[in-house]
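These notes concern the structure reproduced below.
The values are calculated or read from the model by the stated rules, or taken from the named source; none is laboratory data. Being a predicted model, the structure only gives us computed values, none of them experimental. Cβ placement follows ideal geometry from the backbone for every residue including glycine, while neighbour counts extend to all protein chains displayed. Surface accessibility is based on the protein's heavy atoms, side chains included, excluding ligands, DNA and RNA. Shrake-Rupley method; radii C 1.70, N 1.55, O 1.52, S 1.80 Å.
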Amino acid sequence: QGYESQPRILGIDVARFGEDQTVFALRQGRKLNTLIKLRGLDTTQTSARAAEVIRQWRPHAVFVDGVGIGGSVVDQLRQFGFDIIEINAGSTAMEPQKYFNLRAEMWGRMRDALVSGMELPDDPELLGELTSVEYGFSPAQQIRLEKKEVMKRRGLSSPDCGDALALTYSRNVSTNHEDETACYPEDVGTL
C-alpha cells in the first residue's frame, strides 16, 4: 500500500545470447508490478514491444541496459522519441567507496529494498535469481558481484529477471508532475 503516488519505473535488460531472455521490470515504489519476459526477438522487435509497454504504463523513467546489443534498443527507442536513460552496469558506482561498480550498487540498492519489504509477484524464476548471485569484495573492500560467466560455470543462467529489476534502482527517480509526458511523447507514430 502507498506505492500509488511513487514513480513508475521501467527497467529493460536486453538479452545477449540465445539462452538468455529480454526482461522488462515494471516497478512502482516498493511494488514490482510485473515482469515481461521475451525470447527470440531481434532488437527491432524488442524496441517495438518496449515502445508498447512505455505507452501503456507511462513510466516516469526508463532504464535500459545499453551494453552490447542493448545499445541498439536504446538508439531505436530514442529515435521513436522516448526519453531513455542508458545504463552501463560496469561504470563507476554513485558510492564508489562502497561498491565496485554500478552493477553491484544496483543490486545492493535492490537488496535494501527487499529487506525493507518490497512486494514481489509470485515468480519462482525471479526468486531463484535473487538468491543465486554471489558477491565478494575488491582489494579496496568494495562490494563486488560475481561475473555472469562465473555463474554460468556454476551451472546457473544469466540473472535476467534480477538484472531488469536491479536496473530500476540504477538512479533515483522522482515524479515530475509538471512534465508527465517526458518518456512518452504523444506525437510519436505507431509502430
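Test each condition in (1) over 24 Å from residue 116 (Cα atoms); (2) part of a loop (DSSP other than H, G, I, E, B); (3) of a type in the set (Asp, Glu) for residue 4 and report the one that comes out false.
The single condition residue 4 does not satisfy is (1).
Pick out the one residue from 40, 66 that is touching a helix residue (DSSP H, G or I) at 6+ places or on another chain (Cβ under 6 Å), modelled with pLDDT under 95 and more than 18 Å from residue 123 (Cβ to Cβ).
From the options 40, 66, the qualifying one is 66.
Which of the residues that make up region 158-176 are in contact (Cβ under 8 Å) with a residue 60 or more places away in the chain, out of contact with any His (no Cβ under 8 Å at 6 or more places or on another chain) and either on the phi > 0 side of the Ramachandran plot or open to solvent by 70 Å² or more (accessible area, probe 1.4 Å) (or both)?
Residue satisfying the conditions is 171 alone.
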